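My questions will all concern the structure given below.
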């Protein structure tokens, strides 16, 4: 079991570092669109920094196989989601991203909810399942994939509306999280079939199961969807939302698919169900749109802190001879303005003639 814990912590390091590397690379790449996946892949593979991030993510997913093989699904998800803290620290240090106080409270509540789930585990009472009927797996996987795609495409349609409010990417994160939730179930199923002593038998079992085909679809669709969303939204917000949706889906669906029962005693059952309910409520309470920039006071320079002193108009420079807009025939010296022009004659009411 301790090997599983170490593998989960190592996966956290690889996955958090991979997301930060990919976000740095995406910031310098042209805008990506899910409608042109071929172009997206060509643009992505042309970036060495993005390839490094992709390699780091691949190592993290490989570490998850050992984690799911030796730990219950709920315990594995609880440890993996603790990597959100590392991701937020890396995003703040290398991406310059900042969360609002409301979003920080939401992330803290997410970590609290997942801590409650971890506390509900008991290594002596919880069982680790390594197999699931294909029909039961597909019964959960197909609707979940459809729901994730629908949420993501609905967010895409809203993003194309004119005069829309900038979105934080909550819908993107939940949609991709559903795909990754199915991917987590798939990785757990693969971990139960992998055997180092019988490679041919393992290959045959994998090819006759739905796992490799589901993993191929979730990998391809998740790559296209997650990279487009990561380019548009902050990694420090969209990744925690995606990870939480992934965790909740994997824990809830994994209990049914792999036959890992809920706790028998009341305190552990309340902790697990309460943690899931708290995480769902946080997802519903997080802001859907970025907060607008504060209005500037009259005379305040763009980018200045609110309440700062207004910027005074620059002193007019001395008028020089030959300056554009200077009246013809006027003279200008180095230290004084142009020679005053006599005012136009004003008619008087009694004589009607001009007054010199």
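So how far apart, in nm, are the two label points at residue 82 and residue 207 if each is 7 Å from Cα heading toward Cβ?
4.1
Let me ask something additional. Could you tell me what % of all Cα pairs in segment 1-159 have separations over 26 Å?
Above the 26 Å cut-off, segment 1-159 has 44 percent of its Cα pairs.
Once the Cβ-Cβ distance between residue 95 and residue 150 is put in as r, and R0 is 45 Å, what FRET efficiency do you end up with, to the nearest 0.05?
0.90
Once each part is reduced to its C-alpha centroid, what is the distance from segment 42-100 to segment 184-243 in angstrom?
Computed from Cα coordinates, the inter-centre distance equals 14 Å.
In segment 1-36, which residues have a backbone nitrogen under 12 Å from the label point lying 7 Å from residue 51's Cα in the Cα-to-Cβ direction?
Hits in segment 1-36 for residue 51 at 12 Å: none.
Once the piece of chain linking residue 131 and residue 264 is laid out straight, how much longer is it, given 0.36 nm per residue of separation minus the C-alpha distance between them? Could the numbers behind the result be given before it?
Working: separation 133, 0.36 × 133 = 47.88 nm, distance 2.20 nm.
Full extension from residue 131 to residue 264 adds 45.7 nm.
Each value in this text was obtained by applying a stated rule to the coordinates, not by laboratory testing. None of the values given here were measured: they were computed from a predicted structure. Counting neighbours? That spans all protein chains shown, and the Cβs are built from the backbone with ideal geometry, glycine included.
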